[in-house]
Structure formats: C-alpha cells, structure tokens
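The structure appears below as structure tokens.
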Amino acid sequence: MDPDFRALFESAPGLYLVLALDPPRFTVVAASDRYLEATMTTRDRILGCGLFEVFPDNPSDPHATGVANLRESLERVVRERVPDTMAVQRYDIRKPGESQFEERFWSPTNWPVIGPGGELRSIIHRVEDVTDFVRARADDREQVDRLRVEVFQRAQELQEANRGLRALQDELEQRVLERTAALQRTEAQLRHAQKLEAIGRLAGGVAHDFNNLLTVILGGCDFLMADLGDLEQTRANVEDVRKAGLRAADLTRQLLAFSRQQVVSFEVLVFDEVVRNLERMLRRLVGADVQLTTTLGADEAAVFADRGQLEQVVMNLVVNARDALPKGGHLVLETSVCTLDEAYARDHVGVEPGRYLMLAVRDDGVGMDEATQSRIFEPFFTTKGPGKGTGLGLSTVFGIVQQCGGHIWLYSEPDLGTTFKVYLPRATAGVVATAPPIDPGLRGGTETILVTEDHEQVRAVAREILERAGYQVLSAAGPEEALRLVDEHGGVIDLLLTDVVMPGMNGRELADRVHARWPALRVLFMSGYTDDVVLRHGALDTRALFIEKPLTADGLLRKVRGALDSGKGA
C-alpha cells in the first residue's frame, strides 16, 4: 500500500508550511497540524491564501518586523536557491475571534524544493518555536519582560548583521566580477600587443633586407640612365623599373613605420596648426557627400614628432573613415588635451598616466565587428576589395603613434560607426625644434669620403654614386676595416658615411672613435633598419644627420653635399 504523503506531512511533529513560487504573495499550499495549532488557525482558513494575508504584523506595534524580514528571506531563497535560516523573530499571532495578539518567538528556516530537472518547485517554511524556552528562563514578569526585550534586540542585531554581511558579499562579488573583466581585457590587450610586436619585428627585418636590395636596383637604374644617353626607349624602360623600385621603397618605409624602426626628424609641433594646414586638403579627400566637421580644442598644446609622419596619421585616419562611408555621412575630427589617470592606465596595456594630446576621428559608417577590430592594425590586412588598398595605412598609423610614445585605441560596432582615438604625450618644456635639413642640390665635390657598409653590393653602389660625382672614396666592409683605413690614410677625411647597425660595433661607436683621430670630421648615418634598442642606447639621436635606405643617386648626393657644406659633425 502506497504511503499517504500528505497525511504524513500534515501529521509531522514540526511546524511546517509549503509555499508556492508566486512572490510576493507566496500562497500557502500545505500546512502541518502543529503549525495550525501554534498559529491558532485552521487549514481551510489559510490554504490558497497569501502567507502575509493570513499572518500580518501586529498593526498596533510599530516595532513589528516579522513580515518584512520573512519576505526578504523568502525572496533570497528564490534568488539564490539555497536554504536560509533567520534569526529569532518576534511574531504576534492573532487569537481566534479576537482583536488581540499573542506574542511568540520563532526561529524560521526556509528550504528550496528542487525538482529532478533542477527547477525550483516550492519553498518549505519551517518554524522552531522558542517561546516557551524564552519564558522558562525567567521567574517573574519583570525578568520575562527583560529577557524578551534582550532576545528580541539580539535577534534584530543579528538580522542587521546578516543583512550587512550579505550586502558586503554582494559588493565583493561585484568587485570580483569587475576585476575579472578588467583582467580579461588587459590579457586580450597584451596578447594583441605581443602579436603586433612579433609582426613588427618580422616586418622590420624584411624591410631592412629589402632596402639593401632596392639600393642595388635603384643604383643600377641610375647608372644605366646616366650611361644610356639618348637611347630614349631603353631609358624609358629603365625609368619604369626605377619607378617600381621607388614604390617598393615607399612600402618598406610604411613597414618600418609600423615596426617603429624608422629614423625620423622629431621637432616640437603645435598639433592644431598641423591639422589646420591639412584641413583644405582633407575636405577635398573626403568628397562632397561626406560632411567633415573639425573641432580643434588643443589650443597651443604641442607634441614632439615628425611633421610628415604626423600629417600621415591624420590623413590615413580620415581616408579610412571616408572609405567607411560609401553612401556619404558624417566625419568628425576633434582635438583636445586630456589627462589619463591611474585607473585608465590599469585598463590599457602600456599606458603611462599623464597629460596627453588627444586626436579623435569619428564616422557614422559601416563599423567593424570584433574579428575585424582584432586585426585592423596588422600590415597588409584590409577589408577593401582587390586593388583598392595595400593594407598598410592603419598599420603605419599604429607604428608612428607608438614611435612617438603614444597610444591608439579603436571603438566600433557594425552599422554604428567607428572612432579612432590617438593619445600623444605633450611636449615637455625646454624641447626645441630640429633645424630643417639643408638642400644644396645635386652638386658633387672633390672631398674624401669614408664609406662603411657591411653589405657588399650596397657599399659598391654608394661608392660608384659618389665617385661619379667627383668625390674621393675610401670603402670599408666594417668598423674595424674603417679604423684601419683612417690610420693608414695620409690625407684628410672630410666625411664618414656609415651604416648604423653593423656586426661588432654600431655606427655611433665608430663615429666616436674616428672623431678621436679627426675631430673636424662630418658624419652622415645611413640605414634601412634601426632597432629600438640601438636608438635607446644612443646609436642615433635627433641631432644626427641621417639618410634612409634604399639609397638613390640624387638623395645620397643631396645629403652628402648638405653634410659637407653645413660643417655639422656627428
């Protein structure tokens, strides 16, 4: 014979209710006989009724808090799905047929009833009646009153303490969630930065080797064109090869900018002036169907950067925004001065707190999804169709900003537009602008030049360019050979033309040692690849004369003549 579970429940020795999951009502579904006795009521009077309808607080007692505390506990069980034991509560039970209440002290526990599928089905409300225990501890009315007040006060203090602990727990859990999210963002930024750093090193190495090859190609084209004379068609063919080589050289410069391995001419620049000088050109670039708005709020704030590179950053970002507006739209270019604080630095890898100049470029165009955003600064990555972009525009911007000691961040959502924000450190007081290089034209000369280059073909091209222009050339395959030639040479050496990165000794160290022998010696550095570590250790600084590889005849002759005529040393 199957047991009658309802009869078993109703005859249980404890004080029990079964409550439905219909907050805030919590309908009474079942009740034990002992609960009905304790509350001086009957089953037909409470079943189907809301718990707080049949057992309200005593309206005549302003300190009655049983209903509020019990409701809070039940709602907590629904929310957290775990048992909740309450502190001792004072309840006033209405006597049958009377308006008076009988005072009881109960310790309730609310248990969730979980179904086989994990669903919350109901709540069992169990009460431990400690009224007799409280009263038995006193011998007279005065003690009863005193004990009653003390028990009630302690219960309320415990209730408040529990409430405070739960609030602290909720706050701690929220802080943990926020900190975990911040760590996840930081880890993602760090992985992205490490990926871009690895790509940058690869790009820089490729550009370095490629620049040496281009020097040979472009130098050979220059020699052929000089020797061919009036052979018009042949000269035209060679000129086509030369133009292709120059375009390839532009690509290597962009790769070097991305990898932060490009030597540039830094100077103090008022950023808003740079933007104002570009504004007319930018309006022509974006076209009539794009509304360009400029809001310049950086005033006289200056940055320490290369002017050409800074213009390239602005133009590349504006062109990128324009391409995101195929049907026209709005494009906003904004500058301001801001402070990045410790909190911002914690959430953004590599950022140092301080004062920055901010450039924002916003569009309301097509936007980007997260997958596209994660690759947007990679070289050769592009969302444009074949033949419509090299994929080097934003990677170049990234490298230039990093080389200036700044940061760039991207905010975008599909169909909602994109915002790029560039933060550049404000120029510190006392920094002076670099003087513009002298452009003396393509005159040759008769001075003696020591060429030091470890790449044999590049060294040969440089030597031939200089000798064709009338210079006397000493050629060394490395620093040690260069020092030997200085000792053996009987005459004056007017200029040292040296590569920056060479085995055993860098160009800066070689220049210092040669200067010890020839203090009046001028120095012109050359490189297609200058590692950040070499720059930081003083191989080059912004005062040094520098020519970027790949070398061309006119470019090299201009730089050499300028160095000789300026009287400027290393």
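The values are calculated or read from the model by the stated rules, or taken from the named source; none is laboratory data. Remember, it's a predicted structure, so these values are computed and weren't measured experimentally. For neighbour counting, all protein chains shown are included, and Cβ atoms are generated from backbone atoms with ideal geometry for every residue, glycine included. Remember, those area values only see protein heavy atoms, side chains included, never the ligands or the DNA or RNA. Shrake-Rupley method; radii C 1.70, N 1.55, O 1.52, S 1.80 Å.
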Of all trypsin sites (Lys or Arg not before Pro) in the stretch 442-521, the ones in DSSP coil with at most 15 other Cβ atoms within 10 Å are Arg443
For the pair Glu75 and Glu279, the simple spin-label estimate (label points 7 Å beyond Cα toward Cβ) gives in nm 5.7 nm
By the C-alpha gyration tensor axes a ≥ b ≥ c (rounded if a/c is under 1.5, else prolate when a/b exceeds b/c, else oblate), the shape of the stretch 440-494 is oblate
Using alpha carbon centers only, the stretch 288-310 is separated from the stretch 453-478 by a whole-angstrom value of 42 Å
For the stretch 295-376 the GluC sites (Glu not before Pro) that pass both the DSSP coil test and the at-most-16 other-Cβ-within-10 Å test are Glu300
In whole percent, the fraction of accessible protein surface over the stretch 273-379 that belongs to carbon or sulfur atoms, probe radius 1.4 Å, stands at 48 percent
Output for the stretch 294-358: trypsin sites (Lys or Arg not before Pro) sitting in coil per DSSP, at most 13 other Cβ within 10 Å, listed by number, reads Lys327
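Got the relative contact order for the stretch 453-509 handy, in percent, Cα pairs under 8 Å and 6 or more residues apart?
Numbers: 40 pairs, mean separation 19.2, N = 57.
Answer for the stretch 453-509 is 34 percent.
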The stretch 257-358 accessible area per residue, 1.4 Å probe, protein heavy atoms, integer Å², reads 45 Å²
Scalar couplings 3J(HN,Hα) for the stretch 324-341 by Karplus 6.51 cos²θ - 1.76 cosθ + 1.60 (θ = phi - 60°), nearest whole Hz, x for Gly and Pro, are 7, 10, x, 10, x, x, 10, 9, 10, 10, 10, 10, 6, 10, 9, 10, 9, 8
The ³J(HN,Hα) series, computed from each phi in the stretch 282-289 with the Karplus coefficients 6.51, -1.76 and 1.60 at θ = phi - 60°, rounded to the nearest Hz and given as x for glycine or proline, is 4, 5, 5, 5, 6, x, 6, 8
